[in-house]
Amino acid sequence: MLDEITQLRQRAEKELEAAGSPAALDEWQARYLSRKGEVKLLLKSIGRISDPEAKKAVGREVNLLSRDLEERLEARRAGIREEERARRLEAEKIDISLPSARVARGRLHPVNRVLREICAIFQGMGFQIFESPHVETDEYNFQLLNFPKHHPAREMQDSFFISEDLLLRTHTSPGQIHAMRACAPEPLRALLPGTCYRNEAITPRSEIQFHQIEGLAVGPGVSLADLKGVLTEFVHQFFGPDRKVLMRGSYFPFTEPSVEVDVECILCGGAGCRLCKGSGWLEILGAGSVHPTVLRNGGYDPEEFTGFAFGLGIERIVMLRHAIDDIRHFFSGDLRFLEQFA
Ligand code: FA5
């Protein structure tokens, strides 16, 4: 009987080695180790041995065989799992030596770049950035800035109306009221950059959508001289330290007095050329002392507080700096234009 056990062991081990898949292992397990498997049958046949010593010895051998085969089966299962994993890894291997597809890197739009540059100059003079809504009420865009309904000054800023009372802001000046109402009665220095919208004929110098930066300073004793100092410092930092600045009288309903600010022509240095149309000066912004009514609308007592405000158009400044002849290039989506500002 011991010979029989040895033969069974050899046969089972050989077949186990040959089983190469989980299904073949299941079959092997059924054949040798299941309830009706050969090992169990062997165990049952022990009952027929009459000699107790021999019975014990055979019993021990069969148990040993059963345990060994169980262990070998588990080891073989693990081996097959490992072989399969290795095969899968080999099949799914990624060739990382292949160069990747080039990802085009974006960069700031020239308008945004100049906008940030200008903001940084004014931030250096203590101005703080505020954001205000693009969709405004008629009250904020016009009335609180001293443009009553039907006032002829509204002609200067033809608007896109969403309803009778709502419109796309035509300038960043309504932000003055938002900033003042947020800060009054504390003094403030605010900067309001953003997009503006006007119902205008599109020409090489005018778009229906463009960007402005509004500046506002309010405090006791803030004067037009402070405005001139701040704007001269800005011109010197942005256009160059030798550029002259000219303030001319103008009109805006929300500033009194109002001025238009010119910078010495960057092309001819003031001699007169095609760019400055022979005048030697280029207009860059509108400004003035904040009107007392506007101060009051913002929550300040005009007897105690004064202020100045200015508003500059970014596109026209970028056009000046890079000698761009048509504002429509900026948002035409033509990459050949934009890539020149890498
Ligand atoms: C204003 O919008 C005033 N809110 C500026 C201001 C602020 C005055 C604070 C006083 C105090 P104006 O309409 O001139 O002013 O516009 C200011 C600038 O915005 C212009 O100089 C120009 O650079 C730019 N701008 C105006 N309309 C257009 C347009 N259609 N396309 C491109 N840029 C424009």
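Just a few scattered comments:
- Residue, farthest from K244 (Cα to Cα), within the range 281-309, restricted to residues that are open to solvent by 40 Å² or more (accessible area, probe 1.4 Å) and at pLDDT below 95: E283
- Odd one out for P253, checked against (1) farther than 29 Å from P185 by Cα; (2) more than 27 Å from the chain's Cα centre (by Cα); (3) within 14 Å of the ligand (Cβ to nearest atom); (4) surrounded by 20 or more Cβ atoms within 10 Å (Cβ to Cβ): (1)
- Subset of the range 256-280 (residues that are among the small types (G, A, S) and open to solvent by 70 Å² or more (accessible area, probe 1.4 Å)): A271
- Tally, over the range 22-66, of residues that are open to solvent by 80 Å² or more (accessible area, probe 1.4 Å) and either closer than 16 Å to R11 by Cα or in contact with a Gly (Cβ under 8 Å, 6 or more places away or on another chain) (or both): 3
- The range 168-189, residues that are not in a loop (DSSP other than H, G, I, E, B) and not charged (D, E, K, R): L168, P174, G175, Q176, I177, H178, A179, M180, A182, C183, L188
- Test: residue in the range 145-156 that is of a type outside the set (A, V, I, L, M, F, W, C), touching a strand residue (DSSP E or B) at 6+ places or on another chain (Cβ under 7 Å) and in the same structural domain as C183 (by TED's automatic domain parsing): no
- Restricted to the range 196-211, and to residues there that are under 15 Å from L312 (Cβ atoms) and of a type in the set (A, V, I, L, M, F, W, C), the residue that is least open to solvent (accessible area, probe 1.4 Å) is C196.
- Taking the criterion of being more than 12 Å from the ligand (Cβ to nearest atom) and open to solvent by less than 30 Å² (accessible area, probe 1.4 Å), the only residue of the range 160-176 that qualifies is L167.
- Residue check, L275 modelled with pLDDT under 90 and within 12 Å of the ligand (Cβ to nearest atom): no
The values are calculated or read from the model by the stated rules, or taken from the named source; none is laboratory data. All values derive from a computational prediction rather than experimental measurement. When we count neighbours, we look across all protein chains shown, and the Cβ atoms used for this are built from the backbone with ideal geometry, even at glycine. The protein model used for the area step is the full one, side chains on, heavy atoms only, and it has no ligands, DNA or RNA in it. Shrake-Rupley method; radii C 1.70, N 1.55, O 1.52, S 1.80 Å.
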